[in-house]
Amino acid sequence: MMSQDQHSGIDSARPARSSHARVFALQDAFTQLPGGDQRVLDLAAATGMPDSTVHRILQSGVPGGAFGQVRRGKYRPGPTIIKAAIHAMAHVPGAATTQGILADLHERTGAAALLFALAPFGGLRRLCTDYAWGQMDPGELGVFAHPLVTHSRSLRTGASGRVILANLPAPLQQLVFDEELPDDAAPGALRDDRALAASLVEIRRSGYAVGREEVVPGWEAVAAPVMWADVAVGSVVLAKPAGELSDLGRLIGHTCRAARMLSEYASCPAPAA
């Protein structure tokens with residue numbers, strides 16, 4: 001069950017006119033339709049283009065890998081699209097940039113600052129790719145690598161996961177809603193689909209999420225999405241032991257500021273020196 005405040009789909013009333021625009025519209029249709037492999041008829045309806053035009057574009061893109069034909073009448077994005085996406089995301093922001101922003105967030109708040117990236121291969125997950133602990137000793141505070149730093153559990157759990165989930169296209173949200181909640185999810189995790197859906201609406205409205213012991217018992221977090229255009233590619237997380245999220249408005253402000261900085265680097269990378 002997805003939230004009622006879903007991202008809008010393709011405007012089929014305005015089919016692309018130029019040949020290049022038709023290709024781009026067809027690529028975008030794959031991101032808007034539910035499920036994985038798509039039929040020509042569904043792609044044609046989504047783009048407003050004739051079936052014959054859609055079929056011709058798909059067939060012309062199969063040999064070069066722009067599209068993949070998995071069985072008769074069904075297609076998926078091909079490896080060249082995936083290669084282009086990986087190439088684009090690998091260059092911005094750089095490791096020095098992310099570490100500097102996280103270190104600054106830690107210094108301003110005294111909290112653990114972490115960067116999670118969306119990892120789509122093998123199912124939608126999040127993975128911690130960078131962090132700034134300062135002089136904190138997570139082990140002494142009862143925080144261990146699996147649940148907080150290197151876990152790849154569902155986007156249903158934790159502020160870091162829900163803030164990403166809230167800013168994904170509706171078909172990808174549905175994949176997460178269809179998953180079972182991890183068996184080792186902390187007691188604070190949102191287990192009811194309706195409550196989860198309502199939280200996503202509020203997250204999109206406010207621009208952040210607050211997690212109360214959703215991942216690690218005894219720890220709470222504030223998270224804000226790292227955006228590339230209108231899609232989340234990760235999240236910045238500020239984490240403290242339960243009861244220490246005092247002056248919440250200030251902590252939210254610092255977390256959102258760090259996320260905006262990373263989003264700006266992703267969307268508008270600095271020119272090469």
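Readers should treat all values here as calculations from the given coordinates under stated rules, not as data from a laboratory. Model, not experiment: these values are computed from the prediction. Here Cβ is always computed from backbone atoms with ideal geometry, including for glycine, and neighbour counts include all displayed protein chains.
Think of the stretch 19-84 as a dipole: +1 on every Lys or Arg Cβ, -1 on every Asp or Glu Cβ, centred on the Cα centre; then among Ser19, Ser60, Ala46, Ser60 lies furthest on the positive end. Using the Cβ-Cβ distance between Ala95 and Ser52 with R0 = 41 Å, the FRET efficiency computed as 1/(1 + (r/R0)^6) comes to roughly 0.30.
Among Phe67, Phe121, Phe177, a tally of other beta-carbon atoms within 10 Å of each Cβ gives an order, fewest to most, of Phe121, Phe177, Phe67.
Residues with beta-carbon under 13 Å from that of Gly110, excluding Gly110: net charge, scoring Lys, Arg +1 and Asp, Glu -1? Value of the local net charge: -1. What the Cβ-Cβ distance of Val62 and Asp247 gives, at R0 = 35 Å and to the nearest 0.05, is a FRET efficiency of 0.05. Peptides 220-230, 51-61, 243-253, 165-175 ordered by packing proxy, namely the average of other Cβ atoms within 10 Å per residue, highest first: 220-230, 165-175, 51-61, 243-253.
Mind sorting Leu115, Leu127 by how few other Cβ atoms lie within 10 Å of their own Cβ, fewest first?
Values: Leu115 25, Leu127 14.
Going from least to most buried by this count: Leu127, Leu115.
Of Thr47, Thr255, the sequence from fewest to most neighbouring Cβ atoms within 10 angstrom is Thr47, Thr255.
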